[in-house]
Amino acid sequence: MATILAHITVKPGTAPAFESVARSLHETSHRLEEGLLRYEYWRGAEENTYYTLLSFTDHRTFIAHQTSDHHEDASPELRDIIASIRLEWVDPIEGASPLPSTADQDAPDDADELTRRYRQLYAAAVAPWWEPLRPEEHAGGADA
């Protein structure tokens with residue numbers, strides 16, 4: 001499982017363009033990606049701030065999202081719009097969220113170079129303090 005909260009700031013004057021790209025990515029991702037559990041965008045309280053919650057059945061599915069044609073096609077436009085982005089790995093609280101625990105995974109043995117590169121860039125950061133709070137059957141991460 002992989003769940004991320006993206007903290008995004010867009011350049012002044014680009015909010016309409018960002019929202020257009022967000023709508024397109026949301027629609028295409030939900031239509032084409034198996035294993036996508038959540039992919040939602042919100043406006044923040046501060047001007048030009050946004051949040052995205054992304055949740056996938058496992059880390060490999062997240063990497064498949066990152067390397068998908070529609071995500072790669074949107075990347076140049078997003079680079080022109082986004083001033084800053086910070087990805088924060090989050091861990092759902094059992095009984096307070098329907099999502100399973102976040103865990104890291106290695107790339108499949110037959111992964112292409114882009115997938116291997118993205119796997120290194122976006123390794124799931126599982127905070128050590130989460131482990132004692134997780135139910136025993138979910139602690140320890142996922143199989144590789």
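The values are calculated or read from the model by the stated rules, or taken from the named source; none is laboratory data. Computed from a predicted structure; not experimentally measured. Cβ atoms come from the backbone with ideal geometry, glycine included; neighbour counts cover every protein chain shown. Please note that ligands, DNA and RNA were not included when accessible areas were found on the heavy atoms of the full protein model with its side chains. Shrake-Rupley method; radii C 1.70, N 1.55, O 1.52, S 1.80 Å.
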Could you go through region 2-18 and let me know if any residue there is at pLDDT below 90 and either open to solvent by 40 Å² or more (accessible area, probe 1.4 Å) or closer than 30 Å to residue 135 by Cβ (or both). yes
Does any residue in region 78-95 that is assigned to a loop (DSSP other than H, G, I, E, B) come within less than 7 Å, Cβ to Cβ, of a residue that is surrounded by fewer than 17 Cβ atoms within 10 Å (Cβ to Cβ) six or more places away or on a different chain, and which pairs are these? 90/5; 91/130
Report, by residue number, each residue of region 76-104 that is in contact with a Ser or Thr (Cβ under 6 Å, 6 or more places away or on another chain) and open to solvent by 70 Å² or more (accessible area, probe 1.4 Å). none
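Could you list, in sequence order, all residues of region 22-51 that are hydroxyl-bearing (Ser, Thr, Tyr) and over 24 Å from residue 98 (Cβ atoms)?
The initial filter retains those residues of region 22-51 that are hydroxyl-bearing (Ser, Thr, Tyr), namely 24, 28-29, 39, 41, 49-51.
Answer for region 22-51, where residues must be hydroxyl-bearing (Ser, Thr, Tyr) and over 24 Å from residue 98 (Cβ atoms): 24, 49.
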Answer yes or no: is there a residue in region 130-144 that is part of a loop (DSSP other than H, G, I, E, B) and at pLDDT 90 or above. no
If you take the residues of region 52-66 that are crowded, with 18+ Cβ neighbours inside 10 Å and among the β-branched types (Val, Ile, Thr), which of them is farthest from residue 97 (Cα to Cα)? 63
Test for residue 46: is it out of contact with any strand residue (DSSP E or B) (no Cβ under 6 Å at 6 or more places or on another chain) and farther than 11 Å from residue 2 by Cβ: yes
